[in-house]
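Structure, as structure tokens:
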Amino acid sequence: MFRRWMLALCFVAIGASLDRLVLAQPTGITRTVLLTTDDPGSKTFEAVVALAELQPGAVSGRHRHPGIEIGYVLEGSARLEHEGRPVKEVKTGDVFRNDGVHGVTVPAGAGAKILAFYLVEKGKPLSEAVILR
């Protein structure tokens, strides 16, 4: 009985550690918020403009935004993966929309700069990691 209890406790500890690992900020990706302003038509949403800089080989991990993200690729290229949709390659000059769970991968030999516009719920983080379970 004691062994089973200890084994269950170990699984809980490992699970908590994995959650922290998955929630850690991805390396190779920086987001600089340029402007945050209230959405004049809503008391619960705000608009955010940010510059996302992605280093060669960066991987965002699966995440979502508490609203939508519209991006314009200023330079470079990236691969967007959305649940239930085909993978989309974006390059300089392309525009895209992210809603729901998605992830970004940057080719090893390239980086990317993206001007991102978000319409998100006030008081929530701009990006929320999706925990793998």
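Bear in mind these aren't lab numbers, they're just calculated from the coordinates by the rules spelled out. What you see is a predicted model; the values in this text were computed from it and never measured. Glycine gets a Cβ as well: all are built from the backbone with ideal geometry, and neighbour counts include every protein chain shown.
The table that follows gives values for the structure above.
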| read-out | value |
| --- | --- |
| Residues within region 46-88 that are in a strand (DSSP E or B) and in contact with a His (Cβ under 9 Å, 6 or more places away or on another chain), tallied | 7 |
| Residues of region 47-66 satisfying the condition of being surrounded by fewer than 19 Cβ atoms within 10 Å (Cβ to Cβ) and over 12 Å from the mean Cα position of the chain (by Cα) | A47, V49, L51, E53, Q55, P56, G57 |
| Of residues in region 30-46 being surrounded by 14 or more Cβ atoms within 10 Å (Cβ to Cβ) and acidic (D, E), the one nearest to V120 (Cα to Cα) | E46 |
| Residue check, H102 in contact with a Leu (Cβ under 9 Å, 6 or more places away or on another chain) and crowded, with 16+ Cβ neighbours inside 10 Å | yes |
| Flag if R31 is in contact (Cβ under 8 Å) with a residue 24 or more places away in the chain and touching a helix residue (DSSP H, G or I) at 6+ places or on another chain (Cβ under 9 Å) | no |
